Amino acid sequence: MTRVQPAARGFWLMKTEPHTFSYDDLHAAPGHTTPWDGVRNYQVRNMLRDDFRLGDQVFIYHSSCQMPAIVGVGVIVREGYPDLSALDINSPYFDDRAALKGESPWVCVDVKALGRFDRQIALQDLRLDPELAGMHLLRKGSRLSVQPVEAAAWRHILSMAELRL
DNA sequence: GCCAACGTTGGC
DNA sequence: GCCAACGTTGGC
């Protein structure tokens, strides 16, 4: 008898600009949950569509702000589905080409806030930590708004943040 | 505001 | 398919 092993939980980092949508905004959303829409990069779209699984956990990272930092943890509560904001003329994420086709090629997932770090982990601190060398976020020219996180790095950062889930 | 590092676009 | 021009991201 063979038994199918459940897939290991995936770990990710998702960037957001706090002046637009912060971790606290996520926590304040109904059910602490929001669709992570507006992604308009094919590499990221493919990850959201093909690799994100229910129960995967994500670091919420604040970018384009005074102190770029990982500020908390979320969990995927709905797997990839069409991001219809691309077809909504009133959305900041409207995509005229998608609208012309009448079909959105973009994908979003639902993210639920799980916990905010007591102590934010600044980009500066991540760079200083030898255990995190090679982390995607720290690579020169890394711009993807969604990135995989190694399990070891995930655990290490959680311990830095002293967050118990 | 600067600019490096990409990604996308579109003419050829 | 090539590649120059342009746009975007995001730290600093």
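Please treat every number below as a calculation from the coordinates, not as lab data. Computed from a predicted model, the values in this text were never measured in an experiment. Cβ: placed from backbone, ideal geometry, glycine included. Neighbour counts: every protein chain shown.
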*Stretched out fully, how many nm does the piece from residue A:20 to residue A:81 gain, at 0.36 nm a residue minus the Cα gap?*
19.7 nm
*Which shape class applies to segment A:1-125: rounded if a/c is under 1.5, otherwise prolate when a/b exceeds b/c and oblate if not, where a ≥ b ≥ c are the square roots of the Cα gyration tensor eigenvalues?*
oblate
*Within segment A:77-103, whose backbone N sits under 20 Å from a point 7 Å along Cα→Cβ of residue A:54?*
A:77-83
*Write down the percent of antiparallel bridges among all DSSP beta bridges whose residues are both part of chain A, to the nearest 5.*
80 percent
*DSSP-assigned coil residues among chymotrypsin sites (Phe, Trp or Tyr not before Pro) in segment A:1-66, each with at most 16 further Cβ atoms within 10 Å*: A:21
*Of the GluC sites (Glu not before Pro) in segment A:98-165, which ones lie in a loop per DSSP and count no more than 13 other C-beta atoms within 10 Å?*
A:103, A:150, A:162
*asked:* Between helix A:151-161 and chain A, what is the angle of the helix's C-alpha long axis to the longest principal axis, kept within 0 to 90° and rounded to the nearest 10?
replied: 70 degrees
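Can you give the longest stretch of chain A with no exposed loop site, where a site means trypsin sites (Lys or Arg not before Pro) in a DSSP loop (not H, G, I, E or B) with at most 12 other C-beta atoms within 10 Å?
A:4-138
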*Using just the helices of chain A, give the 222 nm mean residue ellipticity in deg cm²/dmol: DSSP H runs with n ≥ 4 each add -39,500 (n - 2.57), and the total is spread over all residues, rounded to 500.*
-6000 deg cm²/dmol
*Comparing A:60, A:70, A:121, which has the greatest mean-square fluctuation in the GNM of chain A with Cα pairs linked when under 10 Å apart?*
A:121
